[in-house]
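Read through the structure below, which is laid out as structure tokens, and then see the notes.
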Amino acid sequence: MTTRLDLKAYDIGTEITWCAGCGDFAILRGLKLALAELGIAPHEVLTVSGIGCGSKLPDYINTNGYMTIHGRPLAIATGAKLANPDLHVLVVDGDGDAYGIGGNHFIHTARRNPDITHIVENNQIYGLTKGQYSPTSEPGFVTTTSPDGAIEAAVNPPAIALTMGATFIGRAFSGEPKHMAQVIAAGIQHRGYSLIDVLQPCVTLNKVNTYDWYRSRLYHLEEDSSYDPSDRVAAWEKANEWGDKIPVGIIYRKDGVAPYEDHVPALRGGNPVSRLAEGKLPTVDELDALKAQFT
Amino acid sequence: MDYLQFTNEVQRLGRLATREEAEAVTYSVLRAVSEVLPMADARDICACLPAELSGFLEPRCTEPDPEFDINTFLGWTMGSIDAVMLPDRSIGGMDLMASYAPDEATRRCQWVFGALKSCLESGQCDVLSECLPDDVKGWFAEA
């Protein structure tokens, strides 16, 4: 039986520098709620991020953390998962990091299917660099780098993930923290790559996709009893629904697919990190010698 | 109090240059309040307000999200703040506006709360206050 943990277990006390009202606060809280609900202790989690406002998150949560270079958290996370398959590996990054700079990693991680939970803070703008249009900005979106409006079509993350063979695709809204936490928890429980695209208002720089804008458009897939998230064709329709109506919830899931690490021959002997702990840990001198090779 | 008087009161409390600004602030704060009000309480409170404001307070979800906290509340309020023309007083790694936006958003809530309190009876104020996220309760009390 799972023992629910106290949310305080994930508090770290670092000063948070997000703008007041930023959707990232709710995502941070939603992630803590999901981990607490699932009874996953901080030391059992690795949170990996890239660059951007939302990518500051590992600094604000008491788990193992790794902030890597722009667009590369999925690659780092895959490596970490292979090194220690027992770890719950989460990636938290923004739409620019995930779908722009890291777009190639997104595609290949979806088809590779490692057991990684990928939470994308999708605010449709580059916030940290003060407001340039992002891969998910809609055509016509005016920013400092698109003064006449964005020209190209927006990336459709759920549709790309579905096309590339992702086994779990969810979407949530940061204005509904409880529902978002449930979708994140379902993603963490899923064995395989799970994409959770969180629609998150940038209250400072995106005055189009506001809380109000989303509230008038969102509906919950769970409220439609006829919707079956294991139906790939139905999921494709939902993944492409955007505009006057936007679905949130679990868009697609395919359970029972062995994740990437189950197929890696080098892991058949067990968890490499656990094996190290069984008396094969390097000594301090050995580690110093190793470090010396890089100085 | 009618709609015009309500927004005039918000404009006066906030020393806002235009009534349009006061309307935008009123809308954003009341929409945030609508997210935390259960349907029945919203109905009682709307009955005491001008019809235009009742539309702002009408709940759009079946029940309030219990995890709706101060930051999500502020998110709605921040929608009425124009960041583009404001000076960037950020330092070091601080985000644009992060250093002063909470104060500005808090004040905006209090202007609307001040006008709201003048329309409601004390019992209704208590009900409304009880529904607000913990930290926001204090702003309501001080308004």
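From the Kirkwood radius over Cα pairs of segment A:111-161, Stokes-Einstein at 37 °C and 0.692 mPa s returns a whole-number translational diffusion coefficient of 267 µm²/s. Cα-based radius of gyration for chain B, normalised by 2.2 N^0.38 Å, reads 1.04. Total lysine pairs in the protein assembly as shown at Cα distances under 14 Å, for residues eight or more apart or on different chains: 4. With a Förster radius of 56 Å, plug the Cβ-Cβ distance of A:Ala266 and B:Leu4 into 1/(1 + (r/R0)^6) and report the FRET value to the nearest 0.05. For R0 = 56 Å, the calculated efficiency reads 0.15. Compared with the rule-of-thumb size 2.2 N^0.38 Å for a compact globular protein, segment A:53-117 has a Cα radius of gyration ratio of 1.05.
What GluC sites (Glu not before Pro) in segment A:1-93 are in a loop by DSSP, with at most 10 other Cβ atoms within 10 Å of the Cβ? Passing sites in segment A:1-93 are A:Glu15. Classify segment A:1-134 as rounded, prolate or oblate from the Cα gyration tensor: take a ≥ b ≥ c as the square roots of its eigenvalues, call it rounded if a/c is under 1.5, otherwise prolate when a/b beats b/c and oblate if not. Here segment A:1-134 falls in the oblate category. Across segment B:22-27, coupling constants 3J(HN,Hα) worked out from phi with the 6.51/-1.76/1.60 Karplus curve, θ = phi - 60°, read 4, 5, 5, 5, 4, 4 Hz, and Gly and Pro carry x. Among A:Cys202, A:Cys53, the order by Cβ neighbours within 10 angstrom, fewest to most, reads A:Cys53, A:Cys202. Peptides A:242-250, A:55-63 ordered by packing proxy, namely the average of other Cβ atoms within 10 Å per residue, highest first: A:55-63, A:242-250. Across peptide A:7-20, the average count of Cβ atoms from other chains found within 10 Å of a residue's Cβ is 4. Length gained on full extension, A:Leu287 to A:Ser226: 16.2 nm, using 0.36 nm per residue less the C-alpha separation.
Once backbone amide H atoms are built at 1.01 Å from N, A:Leu128 has A:Cys53 as its partners under 5 Å, excluding neighbours fewer than 5 places away on the same chain. The H on the amide N of A:Val203, modeled in the peptide plane, is under 5 Å from the matching H of A:Gly23, each at least 5 residues off or on a different chain. Structural descriptor for chain A: relative contact order 17 percent, calculated from alpha carbon pairs under 8 angstrom and at least 6 residues apart. For A:His43 and A:Trp236, the difference between the fully extended length at 0.36 nm per residue and the C-alpha to C-alpha distance is 65.8 nm.
Sorted into 5 angstrom bins from 0, the C-alpha pair distances of segment A:71-165 split as 3, 14, 22, 22, 16, 11, 7, 3, 2, 0 percent.
Taking label positions 7 Å along the Cα-Cβ direction at both B:Arg107 and B:Arg60, the computed distance is 2.8 nm, reported to one decimal.
Overall, the anisotropy analysis places segment A:138-203 in the oblate class: the square-rooted eigenvalues a ≥ b ≥ c of its C-alpha gyration tensor yield a/c not less than 1.5, with a/b not exceeding b/c. Close amide-amide hydrogen proximity is noted between A:Gly71 and A:Ile51, each under 5 Å apart and 5 or more residues distant or on a separate chain (H modeled in the peptide plane; Pro and chain starts excluded).
In the calculated pair-distance distribution of chain A, the portion above 31 angstrom amounts to 27 percent of the Cα-Cα pairs.
Computed from the coordinates by the stated procedures, all read-outs in this text should not be read as laboratory data. Keep in mind the model is a prediction, meaning the values are calculated, not measured. Using ideal geometry, Cβ is built from the backbone for each residue, glycine included, and neighbour counts are taken over all protein chains shown.
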